[in-house]
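A short worksheet on the structure shown next.
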Amino acid sequence: MIDPTASIGANAELGEEVIIEQGVTIGEGVTIGHHVVIKKDTSVGNFVRIDDHSVIGKMPGTNKKMARKPSSQLKPLVIGDEVTIGANCVLYCGSTIENGVFVGDLASIREKVTVKEDSIIGRNAIIETSTEIGRRVTIQTGCYVTADMFIEDEVFMGPCVSTSNDKYMGSGGSPHAGPILRKGAKIGNNATLLPGIEIKENAIVGAGAVVTKDVQAGCVVVGSPARVLRSKAGG
Amino acid sequence: MIDPTASIGANAELGEEVIIEQGVTIGEGVTIGHHVVIKKDTSVGNFVRIDDHSVIGKMPGTNKKMARKPSSQLKPLVIGDEVTIGANCVLYCGSTIENGVFVGDLASIREKVTVKEDSIIGRNAIIETSTEIGRRVTIQTGCYVTADMFIEDEVFMGPCVSTSNDKYMGSGGSPHAGPILRKGAKIGNNATLLPGIEIKENAIVGAGAVVTKDVQAGCVVVGSPARVLRSKAGG
Amino acid sequence: MIDPTASIGANAELGEEVIIEQGVTIGEGVTIGHHVVIKKDTSVGNFVRIDDHSVIGKMPGTNKKMARKPSSQLKPLVIGDEVTIGANCVLYCGSTIENGVFVGDLASIREKVTVKEDSIIGRNAIIETSTEIGRRVTIQTGCYVTADMFIEDEVFMGPCVSTSNDKYMGSGGSPHAGPILRKGAKIGNNATLLPGIEIKENAIVGAGAVVTKDVQAGCVVVGSPARVLRSKAGG
């Protein structure tokens, strides 16, 4: 079902049973898999590939217990040129996915997120709302990026890194604050980052570390809780 | 394809290519997304929202090596009123989702599970079979809730908490026993809970902790293995 | 949509809106759920069950920043007899799933992977490319199996185990090397395994452990970093 108000550029390849809702704009040379759903007013650039069963431009839901109510004023989702989106993904409206980004299968990206050029969001990775992700960032498979995070260019998050933004775990008492990852920081697989900490430029967090406080630029930290192994990353 | 034996209440909004199998009962005012599959005999309450590509009421499968064979006598899935279910979810038959529950995208809930009123099951969270989840519980994104767990009211599990129920890791030798989380317990992100432990009322487990034994009421534990930081949670 | 060049054996049960592309071969007695997509040239054995919304035989994608470019010479996916595949899964071409394997919902398996007879890949588990998984292996729910791993027969990986293969986290400087898990090794839930380590025959890694070096046969290791608890696993 392609809504008659949708616009699709030249040389598109569309799968079977694709659903394109009202006002969607799609560039030229796109490849869209079977059963893909593109929601109202989403904008898709040129030479984009979207694989089977993905949901693109979803509106958030809510329930009584949730602290953060979705804005009724969200803008449509904007997807740049040469973006690749895997199968069975869920991308929300109100976000921007810049040129050259790769999103793996089964990933989800919430509203009010920016993913800048040429970054990778791995399979099954989850990006919460109101997070900014820089250029050429790698967020590997299975990472959990909490709300209100700030991730600078060329950060590397290994598989299954877990982050959090709520010191009081749902009790109220402080504003939420996600970790800040400065340019070139590298986080090992299955590391745990606590709310509000800052991992400074080119710092390295070892696999499985539990980081409870800031890590200085160029430092290597390991362990639970993480302690400094080297104060300057060796070559 | 809507089976002629299915019953759908007033003011339903159904997406494209929705499949509703025999004997399904749906209340009034529901919103069902594109490509949703609702299996045989499932009961859906009033004002429920189910997003695109979710599978509702699935029968379990099995193979030769699996210890736990699915019962052939499972009841249909029952979903209460004002429940919200995200996109690309998989919910099994034989479970009950009470009024006001929120289930995030890409989550799955196995058979013989009860989720009580107003609880939240985060995106990508996985709830295994034969687990009971109380009222106003928060199970955040990416949590793994093993089989045979018992989670009381107002428990908070942060993102990516991992639990287990099999001390002997597939060798046999003891019955499976999941952790027990008592009322108001809070578990930090990416914590690891071992089989059969009990986290008592209002106890707090720090992010990344590995909990190998019971935690007393009101205590705070951190580290690997977790040790007591405070014997009574401060205000 | 079933392509006229596809071949489907006797007694198949196909759901609604199933898409079977060119050259697909399907054995007898298969059950295929609603909205399933089976890609070009995939071979499916006898008595296989594939649940709703799964994508079978996907071609890999890529972007500028990704180190590993997908081969343009991948063979089709081969699925043996009596295999069960859950809902919302994504299985790539170029892999072999042998007889009797069980794959849980929302799991994904990349190209150039072999999963041998009667093994279990849990729900939400992710298997990266170029990995070999032996017979009667259990990979529980939510595990992350990195690229270039080698997993022998009867290994048990508990839920949410995380592995990695890149010591330099995206900086280059060494070939990738995944962990090696020898016959009968058991890995506790949410354990972290570093690149290139070897867990030898019947060794046991405790839940939440961070394993930074080889573990000898029959040893039990726990903690962060993992240390030897017993040099020979007790009965």
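The values are calculated or read from the model by the stated rules, or taken from the named source; none is laboratory data. This structure is a prediction, so every number in the text was calculated from the model and none was measured. All Cβ positions, even for glycine, are placed from backbone atoms using ideal geometry, and neighbour counts span all protein chains on display.
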Search result, residues across the range C:137-151 that are part of a loop (DSSP other than H, G, I, E, B), away from chain A (no Cβ under 13 Å) and under 21 Å from residue B:128 (Cβ atoms): C:137, C:140
When residues of the range C:211-229 are limited to those that are buried (at least 23 other Cβ atoms within 10 Å of the Cβ) and closer than 17 Å to residue C:149 by Cα, the one farthest from the chain's Cα centre (by Cα): C:215
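Yes or no, residue by residue, for (1) at pLDDT 95 or above; (2) farther than 23 Å from residue C:106 by Cα; (3) in contact with a Ser or Thr (Cβ under 8 Å, 6 or more places away or on another chain); (4) of a type in the set (A, V, I, L, M):
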| position | (1), (2), (3), (4) |
| --- | --- |
| A:99 | yes, yes, no, no |
| A:103 | yes, no, yes, yes |
| A:110 | yes, no, yes, no |
| A:116 | yes, yes, no, no |
| A:131 | yes, yes, yes, no |
| A:136 | yes, yes, yes, no |
Tally, over the range A:85-104, of residues that are over 19 Å from residue A:39 (Cβ atoms) and either out of contact with any strand residue (DSSP E or B) (no Cβ under 8 Å at 6 or more places or on another chain) or not in a loop (DSSP other than H, G, I, E, B) (or both): 3
Unmet requirement for residue A:118, which otherwise passes all of (1) surrounded by 24 or more Cβ atoms within 10 Å (Cβ to Cβ); (2) over 8 Å from the mean Cα position of the chain (by Cα): (1)
Those residues of the range A:180-222 which are touching a Ser or Thr at 6+ places or on another chain (Cβ under 6 Å) and within 13 Å of another protein chain (Cβ to nearest Cβ), in sequence order: A:189, A:190, A:192, A:193, A:194, A:195, A:207, A:208, A:210
Among (1) away from chain C (no Cβ under 14 Å); (2) free of Cβ contacts under 8 Å to residues at least 40 places away in the same chain; (3) out of contact with any Lys or Arg (no Cβ under 8 Å at 6 or more places or on another chain), the one test that residue B:38 misses: (1)
Residue in the range C:169-177 that is in a loop (DSSP other than H, G, I, E, B), touching a residue at least 12 places away in the same chain (Cβ under 8 Å) and surrounded by 22 or more Cβ atoms within 10 Å (Cβ to Cβ) present: no
Cβ-Cβ under 9 Å pairs, at least 6 apart or on other chains, the range B:102-121 side within 8 Å of chain A (Cβ to nearest Cβ), far side part of a strand (DSSP E or B) and surrounded by fewer than 24 Cβ atoms within 10 Å (Cβ to Cβ): B:102/B:84; B:119/B:138; B:120/B:138
Lone qualifier among B:202, B:190, B:124 - being modelled with pLDDT of 95 or more, in a loop (DSSP other than H, G, I, E, B) and surrounded by fewer than 20 Cβ atoms within 10 Å (Cβ to Cβ): B:202
Residue satisfying condition, being within 14 Å of chain A (Cβ to nearest Cβ), modelled with pLDDT of 95 or more and over 29 Å from residue A:102 (Cβ atoms), within set C:57, C:15, C:27, C:33: C:15
